[in-house]
Amino acid sequence: MSAVIIARHARTPAERFKDAAWVAFVALLLGIPMVGLTTVDEGGALTVQTRFGMLAIFVGVSFAGRFIFRWIMDQVRGRRAAKSAVAKADRTPLAIRVIGWAVLGASVALPIMFSENRYVIDTATTVLIYVMLGWGLNVVVGLAGLLDLGYVAFYAVGAYTYALLFSHFGWTFWEALPVAGAMAATFGILLGYPILRLRGDYLAIVTLGFGEIIRVILVNWTELSNGPNGIGSIPRPTLFGLPFERNPAEGTQSFATFFGLDFSGMHRIIFLYYLILVLALLTNVFVSRLRKLPVGRAWEALREDEIACKAMGMNVTNVKLSAFAIGAMLGGFAGVFFAARQGFISPESFTFTESATILAIVVLGGMGSQLGVVLAALVLVLLPELGRNFSEYRMLMFGTAMVLIMVWKPSGLLASREPTIRLNKAAATGGEA
Amino acid sequence: MAYALQQLINGLTLGAVYGLIAIGYTMVYGIIGMINFAHGDIFMVSAFIAVTAFTLLAAFDITSLPLALTAVLITAIFFTSAYGWAVERMAYRPLRGSTRLAPLISAIGMSIFLQNMVQLTQGARVKPIPPVIEGGIELWRTADFTVQVSWTQIMIVLVTVVLMVAFTWLITQTAFGRQQRACEQDSTMTALLGINVDRTISATFMLGAALAAVAGVMVTVYYGVVDFFIGFVAGIKAFTAAVLGGIGSLPGAMLGGLIIGLIEAFWAAYLSPEYKDVATFAILILVLMFRPSGLLGRPEVEKV
């Protein structure tokens with residue numbers, strides 16, 4: 001409340017100075033035990049080390065950062081106030097569609113532009129995995145409004161289904177893909193059923209619990225999952241039976257020999273990239289179509305008001321379960337791809353941080369917005385990637401980005417809470433929820 | 001029998017610590033209706049502050065135990081409250097009145113931030129400190145097992161009881177407690193009555209952090225090791241305790257903490273230590289399925 005009142009008048013330099021000094025003081029308080037002092041292990045016993053230089057830098061940076069930030073904010077506010085009479089440049093659906101096609105074109109062209117740069121394509125593949133996971137979770141969180149913090153469980157189920165089907169029965173990627181999807185969907189229903197009555201934060205915590213239970217079971221049930229050591233040498237997917245290997249097995253042709261190309265390790269990387277691109281696009285088409293079906297409209301209605309849905313005679317149980325099952329299935333598909341791409345999976349890939357990342361992508365993107373998921377996945381994967389040189393700061397930057405983007409745009413980068421279909425434009429009053 | 005008694009003692013100690021953390025969750029949930037995901041990490045920060053403080057005291061040759069403990073407790077409470085305040089101010093206050101999900105995401109972000117900040121500034125390795133309080137009482141000696149209560153355990157339970165009494169007094173008898181409960185019921189109306197809601201919420205976060213700080217010091221003394229990851233699991237368990245007791249209810253949080261501590265101790269002792277975290281989650285899920293308002297909570301009535 002107070003923030004709003006202060007923001008009404010432009011600040012004098014003295015006020016800004018006072019504000020920044022206060023921030024610096026808080027930074028000093030917070031910094032003393034964490035930055036200023038640290039304990040180091042010296043010959044078995046801890047000793048305290050002081051880092052007052054670093055503390056001074058930390059406080060100084062906080063002061064300067066706050067001072068400059070406030071100054072810029074005031075400038076921006078002043079300009080925005082001057083402009084407020086001018087109509088706001090709304091992002092029309094058309095603009096979003098144009099951006100969408102542009103992003104699609106760029107992602108198709110990417111391997112052609114960087115056909116020799118393995119790092120770029122690998123990173124892009126990672127982004128696309130998150131995009132696909134984000135689109136899958138978007139069904140549960142963005143459309144049906146069910147907060148799921150254990151989505152990684154379904155991702156793990158998909159990955160482990162493929163890994164186990166291969167190691168026990170020798171199934172290939174394409175054979176395992178639908179089975180793993182079905183398996184994940186079954187898990188979605190099994191896990192979704194008991195918690196249908198819960199809503200909001202309770203649901204979040206329980207799904208988080210489920211995610212952790214699955215991970216703990218994977219770690220401890222060594223006969224099934226090989227425990228923390230994970231499952232290795234999972235085969236890569238093939239292109240209609242053409243493997244991407246230098247020396248394919250007897251009687252089969254590799255991709256390179258079939259097309260008469262020189263063997264190159266990049267073929268496989270690019271193939272994997274296009275594969276996840278196709279999978280992600282299929283997901284997108286699937287979800288966009290579902291949104292227009294009765295079930296999709298039911299999800300959106302459920303998100304807005306569960307009681308009203310019940311009063312209208314909707315079977316809330318089935319609607320919720322279908323959202324859980326479809327979200328889980330898409331997560332399972334992504335898991336199969338993940339297992340095939342890595343060639344090795346272990347419970348360590350399926351921690352809570354992963355769930356939080358996927359949820360963050362959905363929420364930061366703007367719940368329910370398909371393009372927003374892409375933008376958020378780009379930001380959240382690339383931002384830590386940019387800081388790769390200081391890799392220990394990656395997760396720190398990730399956490400900071402989550403807080404900052406949320407504070408800056410609480411409804412996400414591209415907010416879309418509008419119903420996908422309206423019966424009648426004129427009847428639609430109060431579109432703002 | 002003797003073995004079971006020992007587990008009872010261990011479980012009570014553990015439960016007291018969970019209860020202290022759970023109060024932070026329950027109060028914050030009561031007043032702004034959000035899960036303070038970073039609360040477990042606030043607890044972790046306090047454990048690190050305690051390690052630094054103990055080491056500093058040892059370096060200055062302060063060996064008087066009561067003096068050292070008091071000093072460490074005060075230091076940890078002071079700095080941890082500052083962290084609680086800062087987290088609320090930076091990550092939650094700007095989001096007040098926005099969607100329900102937004103503060104949850106920024107809370108998760110804050111939790112990741114705190115964990116990694118501590119890992120960076122204090123190191124990723126486990127920090128051991130020499131035992132602070134040694135010895136204990138032998139309660140019962142049988143042929144093959146001796147039941148022991150260590151002084152540390154007695155101290156943890158005593159401090160928890162004292163804090164609970166003080167805290168109940170604070171919430172039920174003082175002006176601040178009234179304001180706090182008023183904000184829980186209806187923050188708009190409370191603001192109309194001239195109470196600074198923002199300040200009350202900040203104070204609630206600081207109080208929760210202070211209790212977490214005490215828990216952090218206790219855990220440091222009890223286990224003697226600290227690492228940057230203890231916050232996550234402890235946080236989840238304390239949250240389970242808060243839900244089990246009925247979120248929003250202070251005695252409920254304590255009761256829930258004790259039950260979770262006991263279940264964990266007995267489960268680890270008699271069933272399987274690997275699956276003790278699964279036990280906690282299973283309880284959480286069962287409670288929410290069959291009694292979502294918890295043991296001592298009021299059922300949430302939804303008005304249309």
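The values are calculated or read from the model by the stated rules, or taken from the named source; none is laboratory data. Quantities reported herein were computed from a predicted structural model and do not represent experimental measurements. Here the Cβ is made from the backbone with ideal geometry for all residues, glycine too, and neighbour counts use every protein chain on show.
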_Filtered residues of the range B:134-177 (kept if more than 21 Å from B:Gln7 (Cβ to Cβ) and aliphatic (A, V, I, L, M))_ = B:Val159, B:Val162, B:Leu163, B:Met164, B:Val165, B:Ala166, B:Leu170, B:Ile171, B:Ala175
*Give the range A:112-127 a look and list any residue that's over 23 Å from the mean Cα position of the chain (by Cα) and either in a helix (DSSP H, G or I) or hydrophobic (A, V, I, L, M, F, W, C) (or both), or say none.*
A:Ile112, A:Met113, A:Phe114
*Would you point out the residue of the range A:189-236, among those that are on the phi > 0 side of the Ramachandran plot and among the small types (Gly, Ala, Ser), that is farthest from the other protein chains (Cβ to nearest Cβ)?*
A:Ser233
*Odd one out for B:Val162 among (1) outside any helix (DSSP H, G or I); (2) of a type in the set (A, V, I, L, M); (3) farther than 30 Å from B:Pro94 by Cβ*: (1)
*the range A:10-40, residues that are modelled with pLDDT under 85, more than 7 Å from chain B (Cβ to nearest Cβ) and in contact with a Ser or Thr (Cβ under 8 Å, 6 or more places away or on another chain)*: A:Gly36, A:Val40
_Against the condition more than 30 Å from A:Ala24 (Cβ to Cβ), in a helix (DSSP H, G or I) and within 12 Å of another protein chain (Cβ to nearest Cβ), how does B:Tyr3 come out, does it pass?_
no
_Can you go through B:Arg141, B:Arg100 and tell me which one is of a type in the set (D, E, K, R) and facing another protein chain (nearest Cβ under 7 Å)?_
B:Arg100
*Scanning the range A:357-392 for residues that are closer than 23 Å to A:Asp201 by Cα and modelled with pLDDT under 85, which turns out farthest from the other protein chains (Cβ to nearest Cβ)?*
A:Ser369
*At least 1 residues that are over 13 Å from the mean Cα position of the chain (by Cα) and surrounded by fewer than 23 Cβ atoms within 10 Å (Cβ to Cβ) in each: list the helices (runs of 4 or more DSSP H) lying fully within the range B:199-304 that qualify.*
B:250-270, B:276-290
*Do we find that A:Leu275 is in contact with a Pro (Cβ under 7 Å, 6 or more places away or on another chain) and either surrounded by 19 or more Cβ atoms within 10 Å (Cβ to Cβ) or not assigned by TED's automatic domain parsing to the domain that holds A:Leu218 (or both) in this structure?*
yes
_Condition broken by A:Asn284, with the remaining ones in (1) modelled with pLDDT under 85; (2) part of a helix (DSSP H, G or I); (3) not hydrophobic (A, V, I, L, M, F, W, C) satisfied_ = (1)
_For A:Trp171: the one exception among (1) surrounded by fewer than 21 Cβ atoms within 10 Å (Cβ to Cβ); (2) more than 10 Å from chain B (Cβ to nearest Cβ); (3) assigned to a helix (DSSP H, G or I)_ = (3)
*Those residues of the range B:165-197 which are in contact (Cβ under 8 Å) with a residue 12 or more places away in the chain and not in a helix (DSSP H, G or I), in sequence order*: B:Ile195
